[in-house]
Amino acid sequence: MFKLHKALEEKIHVTELPTSIIKFEHQYKACPWLLVIPKIENKGNFTDLTLEEQQKLMVEVALASEVMEELFRPDRLNIAMIGNKTPQLHVHVICRYENDPNWPDTIWNKSVEPMSKREAETMVTQIKALFAEKYYG
């Protein structure tokens, strides 16, 4: 039975797609950030997935990337599968800007300001609407 790791469960729910759950990371105000989490139990690495599972996941990562690029127009879009602290497989889709506090280093290098609840809610509403338009519309 599929269950989210506690660290991923705490993120803001955006939507659910056939292969994955999309969550929003609100801890980094300067960089809108999604997590694409495949709904497959006990998988920690991309290579643990079958080729078919990998392909389905990448289609949904591409959709998440498209949504983020269209809404937030980042200078760079970082896509990563790290999982050093959270062992459940998940893909980061992070908008980066040349003026963000960590540029050009990784997003995790410095303490940064989290979004307010209202800022996060506004972004999540926009993201949900665009996912609905692109996926279901």
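Can you confirm whether residue 89 is farther than 28 Å from residue 116 by Cβ and either among the β-branched types (Val, Ile, Thr) or surrounded by fewer than 14 Cβ atoms within 10 Å (Cβ to Cβ) (or both)? Taking the combined requirement at face value, the residue does not satisfy it.
Going through (1) part of a helix (DSSP H, G or I); (2) farther than 17 Å from residue 28 by Cα; (3) in contact (Cβ under 8 Å) with a residue 24 or more places away in the chain one by one, residue 124 falls short only on (2). May I ask you to list the residues in the stretch 107-137 that are among the hydroxyl-bearing types (Ser, Thr, Tyr), modelled with pLDDT of 95 or more and surrounded by 12 or more Cβ atoms within 10 Å (Cβ to Cβ)? Passing the criteria: only 122.
For the stretch 90-100, does any single residue satisfy the condition of being within 22 Å of residue 27 (Cα to Cα), under 12 Å from the mean Cα position of the chain (by Cα) and assigned to a loop (DSSP other than H, G, I, E, B)? Don't jump to the end; show me each part of the working.
Keep residues of the stretch 90-100 that are within 22 Å of residue 27 (Cα to Cα), which gives 90-100.
Restricting the remaining residues to those that are under 12 Å from the mean Cα position of the chain (by Cα) gives 90-95.
In the following step, the residues that additionally are assigned to a loop (DSSP other than H, G, I, E, B) were identified as 90.
Looking for residues that are within 22 Å of residue 27 (Cα to Cα), under 12 Å from the mean Cα position of the chain (by Cα) and assigned to a loop (DSSP other than H, G, I, E, B), one finds at least one in the stretch 90-100, hence yes.
Against the conditions (1) free of Cβ contacts under 8 Å to residues at least 40 places away in the same chain; (2) in contact with a Phe, Trp or Tyr (Cβ under 6 Å, 6 or more places away or on another chain); (3) of a type outside the set (A, V, I, L, M, F, W, C); (4) under 21 Å from residue 135 (Cβ atoms), residue 55 satisfies every one except (2). Within the stretch 33-59, if we keep just the residues that are modelled with pLDDT of 95 or more and in contact with a Pro (Cβ under 8 Å, 6 or more places away or on another chain), the residue that is nearest to residue 78 (Cα to Cα) turns out to be 57. Among residues of the stretch 7-31 that are within 29 Å of residue 52 (Cβ to Cβ), those with a beta-carbon under 6 Å from a residue that is among the hydroxyl-bearing types (Ser, Thr, Tyr) and assigned to a loop (DSSP other than H, G, I, E, B) at least six positions away or on a different chain give the pairs 7/86.
Selection within the stretch 1-46: residues that are among the basic types (Lys, Arg) and outside any strand (DSSP E or B). The member of this set that is nearest to residue 63 (Cα to Cα) is 39.
The values are calculated or read from the model by the stated rules, or taken from the named source; none is laboratory data. All values reported here derive from a predicted model rather than from experimental measurement. Neighbour counts are summed over all protein chains in view; Cβ atoms, including those assigned to glycine, are modelled from backbone coordinates with ideal geometry.
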